[in-house]
1. Tally up the residues in the stretch 1-48 that are assigned to a helix (DSSP H, G or I) and closer than 11 Å to Arg78 by Cα, please.
2. Just name the residue that is surrounded by the fewest Cβ atoms within 10 Å (Cβ to Cβ) out of those in the stretch 671-689 that are over 23 Å from Ile566 (Cβ atoms) and among the aliphatic types (A, V, I, L, M).
3. When you check Ile640 against the structure, is it within 22 Å of Gly453 (Cβ to Cβ), surrounded by 18 or more Cβ atoms within 10 Å (Cβ to Cβ) and not polar (S, T, N, Q), yes or no?
4. Exactly one of these conditions fails for Trp232: (1) touching a Phe, Trp or Tyr at 6+ places or on another chain (Cβ under 9 Å); (2) of a type in the set (Phe, Trp, Tyr); (3) part of a loop (DSSP other than H, G, I, E, B). Give me its number.
5. Could you list all residues from the stretch 222-234 that are buried (at least 16 other Cβ atoms within 10 Å of the Cβ) and free of Cβ contacts under 8 Å to residues at least 60 places away in the same chain?
6. Select, from Pro87, Pro124, Pro103, the only residue that is in a loop (DSSP other than H, G, I, E, B) and closer than 30 Å to Phe8 by Cβ.
7. Can you name the helices (runs of 4 or more DSSP H) wholly within the stretch 402-482 that have at least 2 residues being surrounded by 19 or more Cβ atoms within 10 Å (Cβ to Cβ), more than 13 Å from the ligand (Cβ to nearest atom) and not assigned by TED's automatic domain parsing to the domain that holds His719?
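The values are calculated or read from the model by the stated rules, or taken from the named source; none is laboratory data. All figures in this text were calculated on a predicted structure; none of them were measured in a lab. A quick note on method: Cβ atoms are made from the backbone with ideal geometry, for glycine too, and the neighbour counts reach across all protein chains shown. SASA here: full protein model, heavy atoms, side chains in, ligands and nucleic acids out. Shrake-Rupley method; radii C 1.70, N 1.55, O 1.52, S 1.80 Å.
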Amino acid sequence: MAAIVRGFHDRTPLSEDEADVIYSLARARLGASVSISGWKRHQSGEVDDYALISERPAWDMIRKLDQIPVRVAEGVIRDAAGLSASPKTPVLVSWLGDQKVEPVMDIPESTDEITVLDLSLSSPLLNGRDSEDTETFTRSIFRHMEDQGARIGIGRYLEPRAFYLTEIFKGREGDPRERRTVHTGIDIFDQAGAEVRAPLSGRVHSVADNGGSLDYGPTVILEHIGPAGPFWTLYGHLEAESVAGLKVGGDVPAGDVIARIGSHPENGEWPPHLHFQILTDLLDFEGEFPGVALPRERSVWASFSPDPNLLLRLPCETTFEEPEELSARRAELFGSNLSLSYDRPLHIVRGVGTYLYDVMGRTYLDCVNNVAHVGHERREVVEAGQLQMGVLNTNTRYLHRNILDYAHRLAALFPDPLSVCFFVNSGSEANELALRMARAHTGGYGVVSLEGGYHGHSQNLIDVSHYKHAGSGGAGAPEWVRTAPIPDDYRGVYGREVMDRGTRYAMHVGEAFGSLSSNGHEPAAFIAESILSCGGQIEPPAGYLEEAYRIARSRGAICIADEVQIGFGRLGSHMWGFETANVVPDIVTLGKPIGNGHPIGAVVTTLEIAESFANGMEFFSTFGGNPVSAAIGLAVLDVIEGDKLQEHAAVVGGTLKANLASLAMRHESVGDVRGRGLFLGIEFVEDRMAKTPSARIAEYVANRAAELGVLLSTDGPDHNVIKIKPPMTFDQRDAERVVATLDRILTEDGARPNT
Ligand SMILES: Cc1ncc(COP(=O)(O)O)c(C=O)c1O
């Protein structure tokens, strides 16, 4: 309703009187709708299906509105019409500014003894979800205060925070990304037992113990008289004993001690602090009042609870500024081909496990970032990097154990004769190096790659990446490159009905090598992924790679397996993609997941190729294989093994794929579901028989899913494939959510085929 009012008000400004009657009118209209339907039913004596269709959503809306206090609903509408949600607030705010107030707590005079704590989503003070564990949270806050030489710490007003995780903060339905995250009071962190005083005279309105986990604990609300009637001040997380003597209705002179700060756990299981908030309307709450709000209602609740510093008068910054709009700055600073995902770009500031959080605390289930292989900001990986970073980070020209331990662990994951590692900083660098090695070993220069393939952003790799050189802005392949057809048995020349489609597709690899040679280019390499990622999650038919490798080798080329996207157990059944195709490459390239976000690339090859490469020219990468990267790489391997993530990908990915396939039974737009483990693709079509690719539906799905809190990406030569490649810690509940979200979106008009 707020969106409609906002849109209307933008075009035809509403007066205050008009805005104030909208809610009542809307309720009356809904009431009329259901009454008319009921009356018709009564008169005709039968159930009218058509009337029911319009009656049901009206009842749904009535039930939803029933959960919202009337003045909140009215406030939401007033806010949408550009008015203060609480009509009393503007006059109260200017009056409060003129009042003489007593200090609520013993606040140091020197700002040096006060530190403003960053408790926002991007705060380094809160690692991951540490705040679930109050002890760690408390230690980190009080240690920070001590480091700053501060006696008290301030938690800001209107700050979006990550740590409101219990059910009470779930908030109303309406936007699945949102919980109540925006803090509408000010926190003063001090030792338990510190005294709390009334800033103005008033009377005790309520004393209550809100005892749930992460709730307010013992809470006092005082009532004061302002210019437009009563208003209230709320004091949360108190010591129960200190408020036991307070009498509801009793007078409290300004400056009187009313309570002391409570300790954990009686204070609602928080670090010791006072939560102080001003209330302009009690909104039918008793003994408590929401201290955190949904991001979409930030300004509404900021009106019901104006800036507490009007009374606290703290000599420091106390309000979290509304996040800066970054798109324009980005457009100024970067080239326009550095694109942003989604029609409404996301401002992501924190990652935990399979979730990403935006600056307002909205949560997104991440099905895109295969780089965060063992989960976003996985503690073991972060700590390994932090520890080594504090000791030594230098290049590989010194002896160091980390790189040797890492090379040993990594090489052990490969079949013979793959045993020698080279470390670089990205997938592109790994593939560049692989090409150089192939050329050094074979003496040839030519490369055969696959249509739809992507191997990196350097010039050489753009030249071998059909995905780029044949796409928009591309200049085509140079003479030394040939691309063989994408082995796609859904859409390609040999479909699933062709029994020997694997060998048939592979024959084109032979033709490509033939064409290279006949144009005077001796072959050096055949490069391919075992499941084509940018090509649209294409799993080549059985036997394809075996035959393609045989042909490539018979032409004198060596075979490079690009495992940058699919490696490290993602496919579930095997550690490496090439193992699913029953081949052993001559060179394997690694990137993305290898460092869980830390930039590492690696090449693993045979001793023979490594020796050919050592032709006198030194190999050196300044950052490649440094002790920090090696420590991180080792930690990633530990987690993959410890958490059995490969097996996990097989189980969760298997169920997910089956459930995605069942979507095809309900939704005509689903043309194909494919992939392995946690590397899946859904291809969208306008017409299932004609397989007309629908980039339109894929794009609609990705954008809508983001609005519903699930991040997906689109890819493939026709941009009509939704890719699912989440962190490997993605679990069954996450998978169920993805399927349910897609199921919902695919019934929407924007996702229906145009046939
Ligand atoms: C299959 C594949 N190979 C190589 C690369 C290049 O890796 P990077 O971006 O780390 O240079 C990518 C990147 O998307 C990729 O998907």
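1. Step one: list which residues in the stretch 1-48 are assigned to a helix (DSSP H, G or I), which gives 2-11, 16-44.
Next, from what is left, pick out any that are closer than 11 Å to Arg78 by Cα: 2, 5-6, 9, 16-23.
Result for the stretch 1-48: 12.
2. Met689
3. Numbers: within 22 Å of Gly453 (Cβ to Cβ): no; surrounded by 18 or more Cβ atoms within 10 Å (Cβ to Cβ): yes; not polar (S, T, N, Q): yes.
No; evaluated as a whole, the condition is false for this residue.
4. Unmet for Trp232, out of (1) touching a Phe, Trp or Tyr at 6+ places or on another chain (Cβ under 9 Å); (2) of a type in the set (Phe, Trp, Tyr); (3) part of a loop (DSSP other than H, G, I, E, B): (3).
5. Correct list: Leu222, Glu223, His224, Pro230, Trp232, Leu234.
6. Unique residue meeting the criteria: Pro87.
7. 427-442
Yes or no, residue by residue, for (1) at pLDDT 95 or above; (2) among the aliphatic types (A, V, I, L, M); (3) within 17 Å of Glu288 (Cα to Cα); (4) open to solvent by less than 50 Å² (accessible area, probe 1.4 Å):
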{"site": "Ile152", "(1), (2), (3), (4)": "yes, yes, no, yes"}
{"site": "Leu158", "(1), (2), (3), (4)": "yes, yes, no, yes"}
{"site": "Ala162", "(1), (2), (3), (4)": "no, yes, no, yes"}
{"site": "Arg172", "(1), (2), (3), (4)": "no, no, no, no"}
{"site": "His183", "(1), (2), (3), (4)": "yes, no, yes, yes"}
{"site": "Ser201", "(1), (2), (3), (4)": "yes, no, no, no"}
{"site": "Asn210", "(1), (2), (3), (4)": "no, no, yes, yes"}
{"site": "Asp215", "(1), (2), (3), (4)": "no, no, yes, yes"}
{"site": "Val220", "(1), (2), (3), (4)": "yes, yes, yes, yes"}
